[in-house]
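One structure is given here, and the rest of the page talks about it.
The values are calculated or read from the model by the stated rules, or taken from the named source; none is laboratory data. Keep in mind that this is a model prediction, so the values were computed, not measured. Counting neighbours? That spans all protein chains shown, and the Cβs are built from the backbone with ideal geometry, glycine included. The accessibility values were calculated without ligands, DNA or RNA, using every heavy atom of the protein model including side chains. Shrake-Rupley method; radii C 1.70, N 1.55, O 1.52, S 1.80 Å.
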Protein chains: 2
Amino acid sequence: MPTHANNALHPTGLAQKLADSGLRTTPQRELVYDVLLTKRDHPTADEVFARVKPELPGISLATVYNCLETLVQCDLVRAVNFERGPTRYCPNLRPHAHFHDEATGQTHDIDLPPVLFAKLKAELPAGFDANAVEITFRGKAKTSLD
Amino acid sequence: MPTHANNALHPTGLAQKLADSGLRTTPQRELVYDVLLTKRDHPTADEVFARVKPELPGISLATVYNCLETLVQCDLVRAVNFERGPTRYCPNLRPHAHFHDEATGQTHDIDLPPVLFAKLKAELPAGFDANAVEITFRGKAKTSLD
DNA sequence: CAACAAATTGGAATGATTCTAAGGTGCAAA
DNA sequence: TTTGCACCTTAGAATCATTCCAATTTGTTG
């Protein structure tokens, strides 16, 4: 039985998906993934680095970038970009949009009914075949929400 | 009567909107705007620079960035970002989405019925007040389209 | 255990953009 | 019309996120 403290956070997902791609489960990858699952505030690579360092003081920023890229490749995490700001990372795999609060800089997940994504794709003229749609709202969130 | 060669391209828009913001009409700003209107392929700042230089050999890249920023501020042009790539510029002011062709890297405008934008905003939970929605499709355009 | 592939690391390199300081430019008031 | 002044442009330096690189470490497999 595994003894890693945070194992409960990713019961089978991480090791499984990594193995599926022929990749190894490393302490760095586990920890980076844990950090994303634990505080789902769309952190940047730098922020992930800061949260990870106390646990694994020897980790390098390059490794954090590598791990994040790996997690994205394995479909465990999504990279989110907002107007040339640093890339943010999101472990929410459901199809959803993002709301960028102009006042606080915070990013919120917005769940949308799948039918809406379908309707959008249906609007594409013939000849356009989309395999992904990204939707980003920009504005102000009146109260402090999650 | 004005004698500027490209004046037909921006009959009143540019000078007017600049004046509205208390800004001057300069040869650099006119030319950058002309370039955007003439070839609407969502060029980057570097590409705009390349197209502008033959007309105005002394222009600097910094100025191109400045002009583009000014045009965006005046609501004459929209800045478009796609996953940390360089910012692209688009003089299409109608509300529309973008389709990013993964094969060619080209960006296409996709006009969407305004009601769809409204429907999207209607999905936002209470407390979220969006003043803009950005929609980006990613995929392949089967044939070569505009 | 030996050999080899996969991962990590620190630092250098890159690319887009912004900043800075130093001239130009042109309207406006005297 | 001169002079003042705010606006603009310019070249180059600086910045920031990210990627690349070469060397080392780690883990797995024969």
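What the table below lists for this structure:
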| read-out | value |
| --- | --- |
| Relative contact order, percent, the range B:94-139 [alpha-carbon distance under 8 Å, six or more residues apart] | 50 |
| Cα centre as origin, Lys/Arg/Asp/Glu Cβ charges: the range A:104-146 dipole, Debye | 240 |
| Inter-copy spacing of A:Lys140 label points, which lie 7 Å from Cα along Cα→Cβ, given in nm from shortest upward | 4.6 |
| Neighbouring partner chain Cβ atoms per residue of A:102-108, average, 10 Å criterion | 1 |
| Simple spin-label estimate for A:Asn131 and B:Val72 in nanometres, 7 Å along Cα-Cβ | 2.9 |
| Hull-based mean projected area of the range B:7-89, where the convex hull spans the alpha carbons, in square nanometres | 5.2 |
| For chain B, size of Cβ-based charge dipole, Lys and Arg +1, Asp and Glu -1, in debye | 80 |
| Spin-label proximity, B:Thr104 to the range A:99-138 - amide N less than 18 Å from point 7 Å beyond Cα toward beta carbon | A:124-131 |
| Distance cut-off 19 Å, percentage of C-alpha pairs in chain A lying past it | 59 |
| Value of relative contact order over chain B, rounded to a whole percent, pairs C-alpha under 8 Å and six or more apart | 18 |
| ³J(HN,Hα) computed for each position of the range A:15-32 - Karplus, 6.51 cos²θ - 1.76 cosθ + 1.60, integer Hz, glycine/proline x | 4, 4, 5, 5, 4, 4, 9, x, 10, 8, 8, 10, x, 5, 5, 4, 5, 4 |
| Other copies of A:Thr25: label-to-label distances in nm, shortest first, labels 7 Å along the beta-carbon direction | 6.8 |
| Long pairs among A:Lys140/B:Lys39; B:Lys17/B:Lys140; B:Lys39/B:Lys142; A:Lys17/B:Lys119; A:Lys119/B:Lys140, criterion Cα-Cα beyond 25 Å | A:Lys140/B:Lys39; B:Lys17/B:Lys140; A:Lys17/B:Lys119 |
| Within the protein assembly as shown, percent of DSSP bridges classed antiparallel, to nearest 5 | 80 |
| Axis-nearest residue in chain A [Cβ, rotation onto B], distance in whole Å | A:Ile135, 3 |
| Carbon plus sulfur fraction of accessible area for chain A, probe 1.4 Å, in percent | 52 |
| R0 of 30 Å, Cβ-Cβ distance B:Asn92-B:Leu61: FRET efficiency to nearest 0.05 | 0.80 |
| Test item: B:115-128 mean partner chain Cβ contacts at 10 Å | 4 |
| Pairwise centroid distance, computed over Cα atoms, of the range B:34-74 with the range B:100-118, Å | 23 |
| Pseudo-label separations to other copies for B:Ala50 - Cα-to-Cβ vector, 7 Å, nm | 3.9 |
| Three-way shape call for the protein assembly as shown based on the alpha-carbon gyration tensor, with the a/c threshold at 1.5 | prolate |
